[in-house]
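Below: one structure, written as structure tokens.
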Amino acid sequence: MYPQVKYLREKGVECDVIIGARNKDLVILRDELEVLGCRVYITTDDGSLGFKGRVTDLIKKLLEEGNKYDEVVAIGPMIMMKFVCLLTKEYNIKTTVSLNSIMVDGTGMCGACRVTVGGETKFTCTDGPEFNGHLVDFDEAINRQNMFRDEEVRRLHHSKECSCF
Ligand code: FES
């Protein structure tokens, strides 16, 4: 998100940025973004900093207060991007997402990062990672991202129990 905001600010584009985190200790890049001259909003799940709630709750609040946006860019957890897109679709706001699909070769050959966008198969590594969020099949993307969840959890436990990594 940071390089995109920096680029837009250099072009004179006004930006509102929302940083969402579970709690205040996980908020990053606040100062760096504020220096760029954009309005920075913080949301935390536990209310320890800024707005208490989800990113989507704050977007909805800003829209209901009359703020107008030409485009929304959502980058973060797949589930957050899904719900941002559902919301911005209601308000008919163009929305770009940056997908974080699992990647293996990064060359468009292995198919690991396959996603469906507008009914077509795309590879996040070579066709993206940015896509029109309103066209992304998020349910499929989330399922595919969770494909190795059990293995990841097993490996995480293993790495905590031994020092072989
Ligand atoms: S990572 Fe293999 S096709 Fe994208």
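Every read-out reported here was derived from the displayed coordinates using simple, explicitly stated rules and does not represent laboratory data. All of these numbers come straight from a predicted model, not from anything done at the bench. We place every Cβ from the backbone using ideal geometry, glycine too, and count neighbours over all the protein chains shown.
Here are a few things to note about the model shown:
Residues are listed down the side, and each one gets a yes or a no for (1) under 18 Å from the mean Cα position of the chain (by Cα); (2) on the phi > 0 side of the Ramachandran plot; (3) small (G, A, S):
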site	(1), (2), (3)
V84	yes, no, no
K89	yes, no, no
N92	no, yes, no
T96	yes, no, no
N100	yes, no, no
T121	no, no, no
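- Single unsatisfied condition, A21 versus (1) hydrophobic (A, V, I, L, M, F, W, C); (2) buried (at least 17 other Cβ atoms within 10 Å of the Cβ); (3) touching a residue at least 40 places away in the same chain (Cβ under 8 Å): (3)
- Residues of the range 104-162 satisfying the condition of being more than 14 Å from the ligand (Cβ to nearest atom), assigned to a helix (DSSP H, G or I) and farther than 19 Å from M80 by Cβ: D150, E151, E152, V153, R154, R155, L156, H157, H158, S159, K160, E161
- From T88, T116, residue being touching a residue at least 40 places away in the same chain (Cβ under 8 Å) and surrounded by 14 or more Cβ atoms within 10 Å (Cβ to Cβ): T88
- Which listed residue, of N67, N100, is within 16 Å of the ligand (Cβ to nearest atom) and among the polar types (S, T, N, Q): N100
- Screening the candidates K68, K82, K94, K60 for the property of being under 21 Å from E14 (Cβ atoms) and surrounded by 15 or more Cβ atoms within 10 Å (Cβ to Cβ) yields one hit, K60.
- Selection within the range 30-40: residues that are in contact (Cβ under 8 Å) with a residue 24 or more places away in the chain and over 19 Å from I59 (Cα atoms). The member of this set that is surrounded by the most Cβ atoms within 10 Å (Cβ to Cβ) is L36.
- A74 being more than 16 Å from the ligand (Cβ to nearest atom), closer than 24 Å to Q4 by Cβ, surrounded by 18 or more Cβ atoms within 10 Å (Cβ to Cβ) and not polar (S, T, N, Q): yes
- Looking across the range 43-57 at every residue that is buried (at least 19 other Cβ atoms within 10 Å of the Cβ) and out of contact with any Phe, Trp or Tyr (no Cβ under 7 Å at 6 or more places or on another chain), the one that is farthest from N92 (Cα to Cα) is identified as T44.
- Residue in the range 61-81 that is in a loop (DSSP other than H, G, I, E, B), in contact with a Ser or Thr (Cβ under 7 Å, 6 or more places away or on another chain) and in contact (Cβ under 8 Å) with a residue 12 or more places away in the chain present: no
- When the residues of the range 1-60 are filtered to those that are in a helix (DSSP H, G or I) and of a type in the set (K, R), the one that is nearest to P129 (Cα to Cα) is K6.
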